[in-house]
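Please read the structure below before turning to the comments.
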Amino acid sequence: MTIMNKDVKKVLIDQETLQSRIKELGKEISKDYIAKDLLLICVLKGAVLFMADLAQNIEVPLEMDFMAISSYGNSTESSGVVRIVKDLETSIEGRDLLIVEDIVDSGLTLSYLSELLKGRGVRSLKICTLLEKPARKATDITIDYVGFQVPDEFVVGYGLDYAEKYRNLPYIGVLKEEVYQQNN
Ligand code: PRP
Ligand code: MN
Ligand code: MG
């Protein structure tokens, strides 16, 4: 049973659907990373719930690290200019990195981040995102693992926020227009 939040217009992906797709992704990743040196990179804060569930479904040895970045510009769309708020603690030279993201919208955050990390001498670098908005993709960045494609709506929950709220919802929902129109 999904407990609805009053600010959510509809549930786009329910908890069960999320979890079963994450299991599949975990299986696929486990197969691809046999005999590799897997390091999961969580892009804070949005990816934290997805990363926690995904990691529990990966059966090969792995390590985790966390990176916090912030994009300048207005709050609902990223500008492509990315500032590192918290860098990795692990040395990534010669390692097999998998960047874990909650959503690829324009793709600007990930294209910046993957170029930056490739420059540090990794052995391989792949990207796993829970959600992708195909209509909005402004870059030609390759995403290796995609959970779901979502329409161009204001989605929240399961890590995704609006003004830092709703990250704790166990499903992906669409926010009511009146919630973000009020604050603009
Ligand atoms: C969101 C989201 C992705 C990025 C996607 O993060 O979690 O990291 O934007 O946008 P893009 O593809 O257009 O670059 P946000 O900057 O809101 O930070 P957060 O994860 O802390 O919410
Ligand atoms: Mn993010
Ligand atoms: Mg955000």
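With +1 on the Cβ of every Lys and Arg and -1 on the Cβ of every Asp and Glu, and nothing else charged, how large is the dipole of region 80-137 about its Cα centre, in debye rounded to the nearest 20?
On the way: 10 positive and 9 negative charges, 31 e Å.
It works out to roughly 140 debye.
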Mean Kyte-Doolittle of at least 0.5 plus a Cα span of 30 Å or more along the axis: flag which DSSP H helices in the chain meet both, please. none
Sort the following peptides by mean Cβ neighbour count (other Cβ atoms within 10 Å, averaged over residues), highest first: 120-128, 50-58. 50-58, 120-128
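Based on the Kirkwood radius over alpha-carbon pairs, what is the Stokes-Einstein translational diffusion coefficient of the chain at 4 °C with 1.567 mPa s viscosity, in µm²/s? Mind showing how you got there, number by number?
Values: Rh = 16.9 Å.
Approximately 77 µm²/s, per Stokes-Einstein.
With a cut-off of 8 Å between alpha carbons and a minimum separation of six or more residues, what is the relative contact order of the chain in percent?
Relative CO of the chain lands at 24 percent.
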Could you give the size of the charge dipole of region 41-184 about its Cα centre, using +1 on the Cβ of each K and R and -1 on the Cβ of each D and E, expressed in debye and rounded to the nearest 20? 200
Counting DSSP beta bridges in region 112-175, what percent are antiparallel, to the nearest 5? 50
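Every read-out reported here was derived from the displayed coordinates using simple, explicitly stated rules and does not represent laboratory data. This structure is a prediction, so every number in the text was calculated from the model and none was measured. So basically every Cβ, Gly included, is an ideal-geometry build from the backbone, and we count neighbours across all protein chains shown.
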